[in-house]
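Derivation of every value follows stated rules applied to the coordinates shown; laboratory data play no part. All figures in this text were calculated on a predicted structure; none of them were measured in a lab. With ideal geometry, Cβ positions are generated from the backbone for all residues, glycine too; neighbour counts draw on all protein chains shown.
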Amino acid sequence: GQQLNQSPQSMFIQEGEDVSMNCTSSSIFNTWLWYKQDPGEGPVLLIALYKAGELTSNGRLTAQFGITRKDSFLNISASIPSDVGIYFCAKETSGSRLTFGEGTQLTVNP
Amino acid sequence: GAGVSQSPSNKVTEKGKDVELRCDPISGHTALYWYRQSLGQGLEFLIYFQGNSAPDKSGLPSDRFSAERTGGSVSTLTIQRTQQEDSAVYLCASSLTPTARFRLAGTDTQYFGPGTRLTVL
């Protein structure tokens, strides 16, 4: 029903490489959100997507809302060490709650 | 300005004891949310407050969990008779307006606090 499937679960890359992660859902919805969580901190919103097919950039980050409204991807270009963290996709479900994917743990080796 | 703050940052308790976790939202934010994050997992919605409306408690896992929001500002999440499976990071978030209803210039963005790490021995 409301579950989000996020992949990959973890990634180990070299500094300067590009990264791609994605989320899928069995149901359609109207909003995709991508958050990043640093150790010991709460998640911080990176990008919000509101329309099917929408492509939005935030610096080196690019995210797209799938045309079927059931998926989204997040790309990070030219990764740097501070990109390390856990990246979550999330969507709005009933009312104002957010449902989160299980996260992608990103490690960037200098 | 100040972000969302939570206290304590860490709490260790014995099984069966009650605990209270506090959240101070961003000043002026009308919506407040509690989530739980178990180790290696995503965030799980617990409860949502909006202004003076009745809270959405549908995410609370059992009747041992309760929350209050006094004066439309500070919120307290209480867990009674704690169990080991309650061990997790409890995160609070606030937004200027409710998500999905007032999408104006990002006013529905949820800002998260650093969380309280609860360990039940």
Net charge of Cβ neighbours under 15 Å - reference A:GLU15; Lys, Arg +1; Asp, Glu -1: -2
Starting from the Cα gyration tensor of chain A, multiply each eigenvalue by 5, take the square root, and state the resulting semi-axes largest first in whole Å. 23, 15, 12
For residues of B:48-61, the mean tally of beta carbons on other chains within 10 Å: 1
Loop only per DSSP, at most 15 neighbouring Cβ atoms within 10 Å: give me the GluC sites (Glu not before Pro) in region B:1-81, ordered by residue number. B:GLU14
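Kindly state, to the nearest 0.05, the FRET efficiency for A:ILE80 paired with A:GLU54, given R0 = 30 Å and r defined as their beta-carbon distance.
Efficiency at R0 = 30 Å is approximately 0.70.
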Residues meeting the amide H criterion for A:ILE47 (H placed from the backbone, H to H distance under 5 Å, 5 or more places apart or on another chain) are A:TRP34
For chain B, set up a Gaussian network in which alpha carbons nearer than 10 Å are linked by springs, and say which option among B:LEU43, B:LEU91, B:LEU32 fluctuates the most. B:LEU43
